[in-house]
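Undergrad: I'd like to ask some things about the structure below.
The values are calculated or read from the model by the stated rules, or taken from the named source; none is laboratory data. For clarity, every value in this text was computed on a predicted model and none was experimentally measured. Neighbour counts run over all protein chains shown; Cβ positions are idealised from the backbone, glycine included.
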Amino acid sequence: MKNGAENGTGGRYANDMSNQSKAMILALSVIQDRMNRLSADDRKNIFDLFKEWPNAQSREDSGAVMESILEILDQPPVEVVDFDFPNGPAPEKLQKWTNHIAKKLRELRAASGMSQKNLAQKSGRPQSHISRLETGRHAPSNRTLEILAKAFHVRVSDIDPAL
């Protein structure tokens, strides 16, 4: 019987690896696959989170960063395409809602005395993401609204009355 190295499958090398090394390679392969499926914004957010991770002041902060990374990676695979509205910019109702959420987030952050950087640390979201939300350049998901409400110690409906 031929071993993996002789039949071209690399089996002998795999047999020489520890189970821990095999698990690490498998995990990295899964992460690479998930990263390749993400939108450019999500990849940027993950890289921003990885840069912030060493600055975590506590295990809780570190856990919040990791939770945010996992939340982004654990999304179902989707294909992200630019959506051009046929008649110009985003529909008025969508833009109105996004502007309402942006204003509410700015008000809550100001009332709590937090900077965008503080809110980013408390929510586990990159500061750049907080900025895009507060300027209305990005519409938040329900999960993001839940995380921000928790950071502000308010109900989600205090940010978005429709929820």
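Undergrad: Checking LYS103 against (1) assigned by TED's automatic domain parsing to the domain that holds MET35; (2) at pLDDT 90 or above, which test does it fail?
TA: (1)
Undergrad: Here's another thing I want to ask about it. Checking ARG12 against (1) modelled with pLDDT under 85; (2) outside any helix (DSSP H, G or I): exactly one of these is not met. Which one?
TA: The number of the failed condition is (2).
Undergrad: Moving on to the next point. Among the residues of the range 24-62 satisfying the criterion of being small (Gly, Ala, Ser) and under 22 Å from ASN118 (Cβ atoms), which is surrounded by the fewest Cβ atoms within 10 Å (Cβ to Cβ)?
TA: Per the criteria, the residue is SER58.
Undergrad: Further question: Out of all the residues in the range 61-68, is one or more in a helix (DSSP H, G or I) and hydroxyl-bearing (Ser, Thr, Tyr)?
TA: Looking for residues that are in a helix (DSSP H, G or I) and hydroxyl-bearing (Ser, Thr, Tyr), one finds at least one in the range 61-68, hence yes.
Undergrad: Would you check if ALA162 is more than 23 Å from LYS44 (Cβ to Cβ) and not in a helix (DSSP H, G or I)?
TA: Answer is yes for this residue.
Undergrad: Output the residue which, of all residues in the range 93-122 that are of a type in the set (Ser, Thr, Tyr) and in a helix (DSSP H, G or I), is nearest to GLY63 (Cα to Cα).
TA: Filtering the range 93-122 for residues that are of a type in the set (Ser, Thr, Tyr) and in a helix (DSSP H, G or I), the one nearest to GLY63 (Cα to Cα) comes out as SER112.
Undergrad: Taking LEU148 as meeting all but one of (1) assigned to a loop (DSSP other than H, G, I, E, B); (2) in contact with a Pro (Cβ under 8 Å, 6 or more places away or on another chain), write down the number of the exception.
TA: (1)
Undergrad: Return yes when SER21 is of a type in the set (Ser, Thr, Tyr), outside the structural domain of LYS122 (by TED's automatic domain parsing) and surrounded by 12 or more Cβ atoms within 10 Å (Cβ to Cβ) and no when it is not.
TA: no
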